[in-house]
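Trainee: Got a structure for you, questions after.
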Amino acid sequence: MAGLGFSAADFAVFKLEGFSERMQQIYARVRPRLMKLGDELAPELARKFDLEFFPHVARHARRTVNPPPETWAAFGPSPRGYKRYGYLALCISGTGLHARIVVKSEADRRPEMARGLESNAIRLAKSLRGTGVARYEKWNFSAIPAERPVEDEFFTALAEGLCRKTGGIDVGFGWNVRDALRLDRAELLDAYRELEPVYRIVNAVA
């Protein structure tokens with residue numbers, strides 16, 4: 001399958017220090033690529049999952065001082081936005097590319113999502129047995145978080161996090177810049193396939 005079309009210069013955008021400079025380059029270089037990929041990948045995800053996906057690309061409209069350390073395309077179940085739901089994300093940062101499943105703290109029905117994860121923890125762990133998954137909730141953007149083999153306790157911990165007032169989920173896979181430049185769509189879609197069971201559970205309550 002075709003590659004994703006990113007260049008080394010796209011990742012270098014996130015090394016720019018100034019807010020205006022970085023935002024300008026995100027909008028000039030990175031966001032158009034994410035918009036194109038969003039439109040192309042959404043129907044591919046829909047075919048693979050037999051679900052409807054709508055692409056959304058981050059705008060960073062609330063930022064006025066600190067430049068974003070990453071930006072992303074989100075794939076979710078609604079055409080009107082994505083933050084109220086669990087969503088798949090294709091993120092780009094200075095460290096590489098990332099395929100993640102995300103639930104933000106402002107998402108609806110987080111307690112119900114948590115119960116779904118907890119009650120299905122054993123089944124989810126079996127579906128990912130032997131696969132290393134990284135947690136991104138508190139990463140510092142300086143290096144891709146380490147991927148660790150998943151056990152059922154992993155999903156119990158995610159459920160506990162969702163029950164906190166500002167809790168969420170942000171887990172998945174990362175590729176450093178060198179590997180990201182060689183990443184093709186088949187590999188990316190395989191990563192989302194690994195995350196599919198979690199996506200289905202957190203959106204079953206919507």
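Trainee: At 222 nm, what value in deg cm²/dmol follows for the chain if DSSP H runs of at least 4 each add -39500 (n - 2.57) and the sum is divided by all its residues, to the nearest 500?
Mentor: Result for the chain: -12000 deg cm²/dmol, rounded to the nearest 500.
Trainee: So what is the relative contact order of segment 133-206, in percent, for Cα pairs below 8 Å that sit 6 or more residues apart?
Mentor: RCO, segment 133-206: 31 percent.
Trainee: When a/c reaches 1.5 or more, the comparison of a/b and b/c decides; with that in mind, is segment 56-206 rounded, prolate or oblate per its Cα gyration tensor?
Mentor: Here segment 56-206 falls in the oblate category.
Trainee: If I fit a long axis through the Cα atoms of helix 110-119 and take the longest principal axis of the Cα atoms of the chain, what angle between them do I get, 0 to 90°, rounded to 10?
Mentor: Approximately 60 degrees, to the nearest ten.
Trainee: Which residue fluctuates most in the GNM of the chain (Cα springs below 10 Å): Ser142, Ser93, Ser105?
Mentor: Of the options given, Ser142 has the highest mean-square fluctuation.
Trainee: Continuing with the same structure: Pairs of Cα atoms under 8 Å, at least six residues apart: use those to get the relative contact order of the chain, whole percent.
Mentor: It rounds to 23 percent for the chain.
Trainee: Accessible area per residue, 1.4 Å probe, Å², for segment 151-206: what's the number?
Mentor: Value for segment 151-206: 46 Å² per residue.
Trainee: If you don't mind, there's one more thing I want to ask. Take the residue pairs Lys15/Lys83; Lys36/Lys126; Lys104/Lys138; Lys83/Lys138 and return only those whose Cα atoms are more than 24 Å apart.
Mentor: From the list (Lys15/Lys83; Lys36/Lys126; Lys104/Lys138; Lys83/Lys138), the Cα-Cα distance tops 24 Å for Lys15/Lys83; Lys36/Lys126.
Trainee: Using Cα springs under 10 Å in a Gaussian network model of the chain, which residue among Ala143, Ala159, Ala61 shows the largest mean-square fluctuation?
Mentor: Evaluated over the chain, the most mobile residue of the options is Ala61.
Trainee: How would you classify segment 1-107 from its alpha-carbon gyration tensor, with a ≥ b ≥ c the square roots of the eigenvalues: rounded for a/c under 1.5, else prolate if a/b is greater than b/c, otherwise oblate?
Mentor: oblate
Trainee: Next up: Roughly how tilted is helix 31-49, in degrees to the nearest 10 and between 0 and 90, from the longest Cα axis of the chain?
Mentor: 30 degrees
Trainee: Then there is this: With axes computed from alpha carbons, what is the tilt in degrees of helix 185-204 against the longest principal axis of the chain, rounded to the nearest 10 within 0 to 90?
Mentor: The two axes meet at around 50 degrees.
The values are calculated or read from the model by the stated rules, or taken from the named source; none is laboratory data. For clarity, every value in this text was computed on a predicted model and none was experimentally measured. Heavy atoms of the whole protein, side chains included, go into the accessibility calculation; ligands, DNA and RNA do not. Shrake-Rupley method; radii C 1.70, N 1.55, O 1.52, S 1.80 Å.
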